[in-house]
1. Lys262: which lysines have alpha carbons under 18 Å from its alpha carbon, excluding same-chain residues fewer than 8 sequence positions away?
2. So what is the 222 nm mean residue ellipticity for the chain from helices alone, if each DSSP H run of at least 4 adds -39500 (n - 2.57) and you divide by all residues, rounding to the nearest 500 deg cm²/dmol?
3. Do any GluC sites (Glu not before Pro) in the range 203-245 lie in a DSSP loop with no more than 16 other beta carbon atoms within 10 Å, and if so, which?
4. Let me know the charge dipole size of the chain about its Cα centre in debye, to the nearest 20, where only the beta-carbon of Lys, Arg (+1) and Asp, Glu (-1) is charged.
5. Stretch Gln225-Ile183 to full length: gain in nm at 0.36 nm per residue minus the Cα-Cα span?
6. Please compute the Kirkwood hydrodynamic radius over the range 236-279, one decimal place, Å, based on all pairs of different Cα atoms.
7. For the chain, report the translational diffusion coefficient in µm²/s to the nearest whole number, using Stokes-Einstein at 37 °C, 0.692 mPa s, and a Kirkwood Rh over Cα pairs.
8. I want to check a number: in the range 114-236, how many lysine pairs have alpha carbons closer than 17 Å, given a sequence separation of 8 or more or different chains?
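Just so you know, all these numbers are worked out from the coordinates, no wet-lab data involved. If you're wondering where the values come from, they're calculated on a predicted model, not measured in any experiment. Using ideal geometry, Cβ is built from the backbone for each residue, glycine included, and neighbour counts are taken over all protein chains shown.
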Amino acid sequence: MEKVVIIGTGCAGLTAALYTARADLSPLVLTGTMPGGLLTTTSIVENFPGFPEGIDGYELMTRMQKQAERFGARVQFGTVESVDFGGSPLKLVVDGDPIEAQTVIIASGAGHRHLGLESEELLEKKGVTYCATCDGALPMFRNQPLVVVGGGDSACEEASYLTRFASKVYLVHRRNELRASKIMAERTLANPKIEMVWDSAVTEVLDVKKDEVTGVRLKNLKTGQESTLDCAGLFVAIGHVPNTGLFKGIVDMDENGYIQPKRGTETNIPGVFVAGDCSDPVYRQAITAAGLGCASAIDAERYLAALNA
Ligand code: NAP
């Protein structure tokens with residue numbers, strides 16, 4: 001039986017892995033479908049303390065994994081299919097195989113929010129994407145006008161990154177003020193290759209019939225006026241939704257699916273702890289996820305010490 005199973009290898013999961021490994025608990029760390037988590041899709045991370053020049057997101061996560069493995073964490077490529085937290089031991093099925101554990105740390109992170117348009121789903125990977133660093137350099141986007149939707153740090157970061165490849169980037173935001181942090185907003189507004197399209201929503205991605213993105217249909221939310229904008233790609237950066245569907249009806253969560261800890265990182269299930277973006281609708285930073293990963297490891301360690309005393 002495993003002492004600790006950690007679900008997720010983002011900042012929260014890998015920090016929990018480091019701490020539980022150093023406590024000699026030999027944690028089993030499951031990657032899910034996105035090893036390294038969302039940060040691996042970021043370009044330069046400028047706000048993780050200790051890296052004054054910034055650090056590539058993928059590089060940061062690779063280093064975190066190496067550090068945890070150095071102390072005995074076992075990182076396994078695998079996706080949790082179901083859980084049975086009805087008793088002790090805790091039970092999980094990972095890619096068809098049963099696993100039993102004394103404690104589980106849920107650090108399953110969050111995924112990209114979609115606009116919810118039928119045309120968006122039909123043209124995904126055919127010009128609609130959720131990650132500029134993954135897809136921005138593709139030949140189909142080079143020297144073409146591109147559209148980014150959103151007004152937060154992610155949208156600003158995506159828009160700035162895409163100016164390397166695009167002939168022009170339109171940033172479509174539903175209000176007339178960016179939500180992004182001041183430094184990111186100022187950089188974005190000062191970039192001559194980015195044109196803001198304020199107070200507007202994308203109502204359709206064109207052109208489903210051609211099976212490729214040729215433009216977007218826009219609606220001005222103040223005037224109701226509709227228009228179209230030619231582009232070769234649509235980059236959606238409108239926030240995230242927690243990856244917690246697996247735990248619905250089992251682990252307490254709020255109406256948006258964020259797991260709600262009872263005390264510290266403890267959930268309503270004894271032995272099950274939570275950390276990072278899957279339980280944080282407020283801060284959602286790499287460093288806060290890492291901090292909560294540390295806290296969850298300490299909570300799990302204390303729980304095990306009491307259980308085995
Ligand atoms: P966010 O801060 O939640 O911003 C989401 C943006 O999308 C908001 O501007 C929101 O508009 C808009 N939006 C939400 N739903 C929409 C919809 N259905 N249609 C159109 N627009 C919609 O998300 P984020 O930008 O992904 O950032 C998440 C967290 O990560 C934040 O805490 C951020 O600071 C952090 N982050 C940091 C960095 C960095 O520092 N390098 C980079 C990326 C992210 P409203 O403004 O009108 O609500």
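1. Lys262 reaches Lys248.
2. Numbers: 7 runs with 76 residues, N = 309.
Only helices count here, giving -7500 deg cm²/dmol.
3. Qualifying residues, ordered by number: Glu212.
4. Details: 29 positive and 38 negative charges, 103 e Å.
Dipole size: approximately 500 debye.
5. Details: separation 42, 0.36 × 42 = 15.12 nm, distance 3.16 nm.
So the chain would gain 12.0 nm between Gln225 and Ile183.
6. Numbers: mean 1/r = 0.0918 Å⁻¹.
After inverting the pairwise mean of 1/r, the radius is 10.9 Å.
7. Values: Rh = 20.6 Å.
Stokes-Einstein gives a translational diffusion coefficient of 160 µm²/s.
8. On the way: Lys125/Lys209; Lys125/Lys210; Lys126/Lys209; Lys126/Lys210; Lys168/Lys193.
The result is 5.
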